[in-house]
Amino acid sequence: MNPFAKLLLATSNDGKIQEMRAFLSGLPIELLDLRHLALHLHITEDGATYAENAAKKALAYIHASGLPTLADDSGLEVDALNGEPGIRSARYTNIPNATDADRCEYLLSRLKDKPRPWTARFRCVLALALPGQDVRFFEGVCEGEIIPEPRGTGGFGYDPIFLLPALNQTMAELSTPQKNSLSHRGRALQSLLSYLTRLLSE
Ligand code: ITT
């Protein structure tokens, strides 16, 4: 029996939506995003952890829409910056209306006097809110290295300066399916997919 026919992808980040859709499109579930519902809440991401922020987003949108909801909180942790920008990754720079390129530039300016390699990891926590149930979490991590010159035009955010040393490619040089096969979000989505597949077969 299908316990839910629709799933709301509760993110305003188009890059995340593209990756979630690519991963989940094989499920017998209609994937909706915030544009379909013309629903945009202002949520202050003031949690101390990715999980707290992801749960806050998932719960706000399930309450507003009544639909099963998936939210994502993620970030980049750079060792030479003691784990910054971490949960502040989307707000990392003081330029108003900053672009992804501004945030990459700001991060590189913070790193320029630090010895390389600039080891780092992306972390993603997905929060799934289903009506009448506790929020469930799915996490993924991807290790890599920050490089001083951006490379590639795919992906979003810090992807052009995040190198996967084993491939000698940045995240922005990969297609969406390639990124999903090894990224933090792809790993979290894989756990979610296993959970949903089990749920749908019960
Ligand atoms: P929502 O809260 O609406 O989902 P957001 O972009 O504000 O969208 P976050 O608060 O989770 O999302 O911020 C995460 C930031 O971390 C994101 O804006 C990027 O700058 C960065 N980030 C997360 N995942 C990334 C990825 O796969 N590639 C590159 N940068 C990523």
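Looking only at residues in region 1-53 that are under 19 Å from Gly157 (Cα atoms) and of a type in the set (Ser, Thr, Tyr), the one that is farthest from the ligand (Cβ to nearest atom) is Tyr50.
Pairs are defined by a Cβ separation below 7 Å, a sequence spacing of at least 6 or placement on different chains, a first member in region 164-177 that is surrounded by 13 or more Cβ atoms within 10 Å (Cβ to Cβ), and a second member that is basic (Lys, Arg); the pairs so defined are Thr170/Arg151; Met171/Lys179; Ala172/Arg151; Glu173/Arg151.
If you check Glu143, Glu139, which single one turns out to be of a type outside the set (Ser, Thr, Tyr), within 14 Å of the ligand (Cβ to nearest atom) and within 23 Å of Leu31 (Cα to Cα)? Full working, then the answer.
Values: Glu143 fails: within 23 Å of Leu31 (Cα to Cα).
So the residue among Glu143, Glu139 that is of a type outside the set (Ser, Thr, Tyr), within 14 Å of the ligand (Cβ to nearest atom) and within 23 Å of Leu31 (Cα to Cα) is Glu139.
With respect to being at pLDDT below 95 and over 21 Å from Leu107 (Cβ atoms), Leu199 fits the description.
When we screen Tyr106, Tyr92 for residues that are at pLDDT below 95 and surrounded by 15 or more Cβ atoms within 10 Å (Cβ to Cβ), the only hit is Tyr92. Within region 131-146, the set of residues being crowded, with 18+ Cβ neighbours inside 10 Å and over 14 Å from Ala54 (Cβ atoms) comprises Cys142, Gly144, Glu145, Ile146.
The values are calculated or read from the model by the stated rules, or taken from the named source; none is laboratory data. From a predicted model like this one, the values you see are computed outputs, not experimental measurements. As a convention, Cβ positions derive from the backbone with ideal geometry for all residues, glycine included, and neighbour counts pool all protein chains shown.
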